[in-house]
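Before any comments, here is the structure.
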Amino acid sequence: MDVTNVFHMTGGNGQTSYTNNSSLQKKGSDMVKHITLEVVKEVYLTTTPKVLGIADLGCSSGPNTLSIIKDIVKTVQTTSRMMNMVSPPDFHIYLNDLPTNDFNSIFKSLPDFSKELTQHNNNNNSTPSIFIGAYPGSFYGRLFPNNCLHFVYSSYSLHWLSKVPLGLYDEKGMSTNKGSIYICESSPKGISEAYLKQFKKDLSLFLGSRSEEVIQGGRMVLIFLGREEHDHHLDRGNSFFWQLLSRSFSVLVSKGVVEEEKVDSYDVHFYAPSKDEIEEEVRREGSFELTLLDMFEIEKNSNINYNEMSQGRTIAMTVRAIQESMITQHFGEDILDTLFEIYANMIDQEIAKQDIRPITFLAVLNKL
């Protein structure tokens, strides 16, 4: 399946849209926002540019996109005033995601974005110019001109691979990971090796591409899913959610709703790396220094508005908003409601037994 031309978060403002089902990602990003903004402040003070280039890679759509950009702009403006600089810099904002992303919903939000920043600047003598543009394409390759970026931000995107690893298939093009859509207990050893190989290749491409676009001394803040144990892919974390989705597909197979061969040929382009795997590849590629790599979990009693939904249903709706495009392309849209109803119930049942602990990494990198 052509990931670049198919994969996207569900657009619009409907019940299953990413706009209405991305509170978990927002909570995770907000937990480390103080670090993100401190890095922005540092790069601004050390480079003092007249034009500050900022990229959000994997920006998606909905309220999360412009929320972090607004906070970044406010941080730079406040810093500029505190340092008694003549005027804050102009901002060039580069919003990137795959070509099928719902960029229009972002643009529709720009008037409110501009209005809030104008209100923030009411008491200031100088209001900076902010230029925002969309740059569709895969971030596993070049996107922007040389040396145009001071700060790169990416939230909950880098765990998505550029494609399903080729190593999952035999010489006839048949999946060797039958009955599962990701690494599981029954997966042959070559499955996890294929996923790791693809992750390393993609991360190297990402870092190499950004090294051309980010100025020397520029910074990146990357937030993405991972795993706690280096030697074990199977944990009760991110991989467990894929195991439960695989089981949900199996229920549909048992009911004759989906063909078993159809499930066997569906694999997700996702990888949850370990801390060692991240550190090793950043060091090997050599363009950036990894100055911080923290692991955290979204707080259980985090003030997320579940809109009277159970935790399992909230997670299921989040996964649906992310995976709907790929599942629809492969299976058709008729199975979606039933599949995610089963999935939500499974998650609730498992959470009642024992916590599921998905791990998130925060990586801060400095351009050498």
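The values are calculated or read from the model by the stated rules, or taken from the named source; none is laboratory data. The shown structure was predicted, so the numbers you read here are calculated from the model rather than taken from an experiment. No Cβ is skipped: glycine too gets one built from the backbone with ideal geometry, and neighbour counts run over all protein chains shown. The area values use the complete protein model at the heavy-atom level, side chains included, leaving out ligands, DNA and RNA. Shrake-Rupley method; radii C 1.70, N 1.55, O 1.52, S 1.80 Å.
Points to keep in mind about this one:
- Residue-level accessible surface for residue 315, protein heavy atoms, 1.4 Å, Å²: 20
- Residue 242 accessible area, assembled protein chains, probe 1.4 Å, Å²: 20
- Taking the Cα centre of segment 1-145 as reference, the dipole from Cβ charges on Lys and Arg (+1) and Asp and Glu (-1) amounts to some 280 debye.
- With a 1.4 Å probe rolled over the protein heavy atoms of all chains, the accessible area of 264, 231 falls in the order 231, 264, largest first.
- Counting only lysines at least 8 places from residue 50 when in the same chain, those with an alpha carbon closer than 27 Å to its own are 33, 41, 70, 74, 115, 367.
- Summed over the residues of the chain and divided among them, the accessible surface reaches 45 Å² per residue at a probe radius of 1.4 Å.
- Rounded to 5, percent antiparallel among DSSP beta bridges of the chain: 45
- For the set 342, 130, solvent exposure ranked by accessible area (probe 1.4 Å, protein chains only) runs largest to smallest as 130, 342.
- Residue 355-residue 231 FRET efficiency (beta carbon distance; Förster radius 30 Å; 0.05 resolution): 0.90
- Hull-based mean projected area of the chain, where the convex hull spans the alpha carbons, in square nanometres: 18.4
- Straight-line cross-link reach from residue 262 at under 30 Å between alpha-carbon atoms covers these lysines, not counting any fewer than eight positions away in the same chain: 163, 172, 178, 189, 197, 200, 201.
- Within the accessible area of the chain (1.4 Å probe), percent carbon and sulfur: 47
- On Cα atoms only, tilt of 63-82 relative to the major axis of the chain in degrees: 30
- The value for segment 46-160 of Rg(Cα) / (2.2 N^0.38 Å) is 1.09.
- Acute angle (nearest 10 degrees) that the helix 311-331 long axis makes with the longest principal axis of the chain, alpha-carbon atoms: 80
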